Each structure stands twice: as structure tokens, then as C-alpha cells.
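Colleague: One structure, as C-alpha cells, below. Some questions next.
Please treat every number below as a calculation from the coordinates, not as lab data. Computed from a predicted structure; not experimentally measured. Glycine also receives a Cβ, built like all others from the backbone with ideal geometry; neighbour counts cover every protein chain displayed.
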There are 2 protein chains.
Amino acid sequence: MTRTHHPAPTFQLRLALARDVVIGPGKAALLDAVERTGSISAAGRTLNMSYKKAWQLIDTMNRHFSAPLVVTQAGGHERGGAQLTELGRQVLAHYRALERKLSPSVSAEAQALIDLLGRPADASPLDST
Amino acid sequence: MTRTHHPAPTFQLRLALARDVVIGPGKAALLDAVERTGSISAAGRTLNMSYKKAWQLIDTMNRHFSAPLVVTQAGGHERGGAQLTELGRQVLAHYRALERKLSPSVSAEAQALIDLLGRPADASPLDST
DNA sequence: CTCCGCTATATCCAAACGGACACAACGGAA
DNA sequence: TTCCGTTGTGTCCGTTTGGATATAGCGGAG
């Protein structure tokens, strides 16, 4: 390591593909959790998010995108659940891919900024006024 | 144009350089406005933001960064005002530079996503079920 | 048929947010 | 000295947000 252990700078990306057609870190994490857990309520629990909040976010996406990203079933095969549609998987995949693609550039610039902060540009040696 | 007039997809970038050291679209726009207008209140007006809100955002930045990004004067030369410090200008410049650097990649991926939405993956030609 | 966990929805209520407004201090201009 | 626009701070209050809770329906498992 160069100095001490840094908390590692992070970045968040929010895409507005059209009016109200928006995906950011929160919805991406939720889609991820739904895919892994197979239900909205379980996804909410893993994200420490209320069912209401999780359902609202998914409902917003389903209504604003051209087709649902998540399909649900009350009761049934395994007492109900939810899963991503093909569109949902692709949207999530594209979002993650873009995050990965941007990561190197962001890291480089963030490091430059952190270097700036470490050196507060103070003590101009010949400041007459 | 290819089809109809698109609202042009946009993206927002939020950088967390450290705990509570965060800059995103809102604060960047505010720094921009302060630099242009020379005061917090005028910046707030141009952004249609209350003085309270503008001041709070600037105060948050000044307290959490290693040094102030904005310096102010009540009364004085031109009845008071505010301007960016050298650090403030550099932080803003880096943020804008990163936005510009990321823009092409984002545009490309966003277009791929929009294409996905335009074709809701429906009407599989040979769907037996 | 009963049971189970989930979906979907409504109601209630506390906390957070944010705008509107008031006000004192500042300090150079006139 | 008076005047001015700004900074900085506080209070009040309506709006929004979001958690907690309740309830109904679903539909396969047992």
C-alpha cells in the first residue's frame, strides 16, 4: 500500500434512457436480489428494504419500461415468487457491463481528486495581499 | 434522424471519494453557478433553488472536504458574495472532465439499451406453447 | 380442505425534507 | 450615517417519504 488503508472511492451511475425510464444503483441492486432470491419480499429482506419499497420500485420499472422487467406469481408452484424477464436480465446485464467499463476511468480520476484533497493547495509562498 | 425525436438519454455520475466526501450532479451545478454568478444567493436563483438549500449544500462540502471549496464574504466590496477556491475550481474541473470522458461509453451502452426497449423481445416467430 | 408464503393493496403515523419567512450582522458605497 | 444585497441562522409549516401493520387473494403442497 502507498499510505494508509483507504475506504476505496466508489461511484454511482444513474441512467435516464427516457422520461421516467431510469435505472440506478438501487434498482439494479433490487433486480439483482430478485434474480438471486426468487421473490420480491426475500429480495427486500436481503437489502434491508421493506416489501412496500421493493414492490414500489419494481412496479415503477414495470410500468415505465416498454415491458415488465419482473414477473410475479401469487401462490402456485413454490408459494409464489418473482423472477426477471429476459428484458430484465438484459437491462441489468447492460447496466453492470457499463459499470465495469467505466470503472477504470473513474478510479483514475478519483485518485487524482483524492491527491488534490491531500494537498489543500495552501501556503502560497509569495502572496502579497 | 433515424426515427422520431428522442429526448436524448442522459446519465448522472456521483462520486464518493471518501465517507461523506461526495460530489454529484447537484453540487457540481451549484459550484458552476457560484463561479458564474459570484454569490450563493444568485446561484440559487439561477438554479431555482432556495438560498437555504444552496447554502446547506455548500456548507456540507466545505465541512467534509479537506478544505473549503467556496469562500464567502458578508457585506464588503460588492455587498458580499462568494467564489470558488482553487480547490473548488479543481474539483469541479475534474468532475466535468470525468463526465466528458465517460460520455461516449455511456452513450453507446445507453443506445444498446434503448434498442432493447424498442424491441420488447416479443413475438418469437416459432413459439410453440 | 387446510396450510403456507408470497403478492397486492390500503391505512395510519412518525420522521425527513424543504420552502417561506424573519432577522441580525457585515462592510463598502453614497 | 444611511442604504444595500448578501451571508448565516432560526422558526414555522405543509408536503413527501417511508416504515409498520392489517387484510384479502392466490394456488400448489400435503
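Colleague: Over the C-alpha atoms of chain A, what are the Rg and the largest Cα-to-Cα span, Dmax, in Å?
Modeller: In order Rg, Dmax, the Cα atoms of chain A give 20.9, 79 Å.
Colleague: In percent, how large is the relative contact order of the range B:38-112, given Cα pairs closer than 8 Å and 6 or more residues apart?
Modeller: Reported as a whole number, the value is 23 percent.
Colleague: Quick one: compute the contact order of the range B:1-128, relative version, from alpha carbon pairs under 8 angstrom and 6+ residues apart, as a percent.
Modeller: Relative CO of the range B:1-128 lands at 19 percent.
Colleague: Okay, moving on. Say the dipole of the range B:15-103 comes from +1 at the beta carbon of Lys and Arg and -1 at that of Asp and Glu; which of B:THR37, B:HIS94, B:ALA16 then lies farthest toward its positive end?
Modeller: Going by the Cα projections, it comes out as B:ALA16.
Colleague: Once the Cα atoms of helix A:86-118 and of chain A are each reduced to a long axis, what angle between those two axes, in degrees from 0 to 90 to the nearest 10, is obtained?
Modeller: 20
Colleague: Sticking with this structure for a sec: Where the only charges are on Cβ atoms (+1 Lys, Arg; -1 Asp, Glu), what is the dipole of the protein assembly as shown about its Cα centre, to the nearest 20 debye?
Modeller: For this selection, approximately 380 debye.
Colleague: Can you check what the Kirkwood hydrodynamic radius comes to for the protein assembly as shown, Cα pairs only, in Å to one decimal?
Modeller: One decimal place: 21.3 Å for the Kirkwood radius.
Colleague: Continuing with this model, one more query. Just report the Cα centroid separation between the range A:34-65 and the range B:61-86, whole Å.
Modeller: 43
Colleague: What average count of beta carbons from other chains do you get within 10 Å of the Cβ of residues in A:109-120?
Modeller: Whole-number average of other-chain Cβ neighbours for A:109-120 is 5.
Colleague: Hey, got the dipole for the range B:15-103? About the Cα centre, +1 on K and R Cβ, -1 on D and E Cβ, debye to the nearest 20?
Modeller: So the magnitude is around 180 debye.
Colleague: Also, I was wondering about something else. Would you be so kind as to identify which of A:ALA112, B:ALA110, A:GLY26 lies farthest towards the positive end of the dipole of the protein assembly as shown, taking Lys and Arg as +1 and Asp and Glu as -1 on Cβ and the Cα centre as origin?
Modeller: A:GLY26
Colleague: Any chance you could give the angle, 0 to 90 degrees and rounded to 10, that helix A:25-37 forms with the longest Cα principal axis of chain A?
Modeller: Roughly 40 degrees, rounded to the nearest 10.
Colleague: Ignoring everything except DSSP H segments at least 4 long, calculate the 222 nm mean residue ellipticity for chain B; use -39,500 (n - 2.57) per segment, divide by total residues, nearest 500.
Modeller: -17500 deg cm²/dmol
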